[in-house]
C-alpha cells in the first residue's frame, strides 16, 4: 500500500506541472494571431482586399491591439493565461467574443 502511494505521489509530481491548466507559449502565440486575424477580417472592406493588403492590415491591427489589455496579457504574461481562456479564444468568431474570454466585453 505504501509503495503504491509513493508511486502515485511520484507520478503526480511529474505530471502535475505539465497539467497546471495554463496555456503554453505556442498556444498564446496562436490565440494572439487568431485575434489579429479576427480584427483584420472585421475591417471594413476586408473581403475586397488582396492577400498583400490583408497582410498589411494584420500588421497595423497587431500594433493597434496592443492597447487591448487581454491581448497584452496574452503576449506579455502567457504564464497567467488559463487553458480554458485559451480554448475559448481559439473558438471565438469575433474580436468581442475573443475579449470576453478574458473577462472583457460582453459575450
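What to note about this one:
- Relative contact order, percent, the stretch 22-100 [alpha-carbon distance under 8 Å, six or more residues apart]: 50
- For residue 79 and residue 67, the difference between the fully extended length at 0.36 nm per residue and the C-alpha to C-alpha distance is 2.4 nm.
- Extension gain for residue 43 to residue 96 (0.36 nm times residue separation, less C-alpha to C-alpha distance): 17.7 nm.
- Förster radius 22 Å - calculated FRET efficiency between residue 56 and residue 30, Cβ distance, rounded to 0.05: 0.55
Coordinate-derived values only; no laboratory data. Predicted model only: the values in this text are computed from it and were never measured. Reconstructed Cβ throughout: ideal geometry from the backbone, glycine too, with neighbour counts over all protein chains shown.
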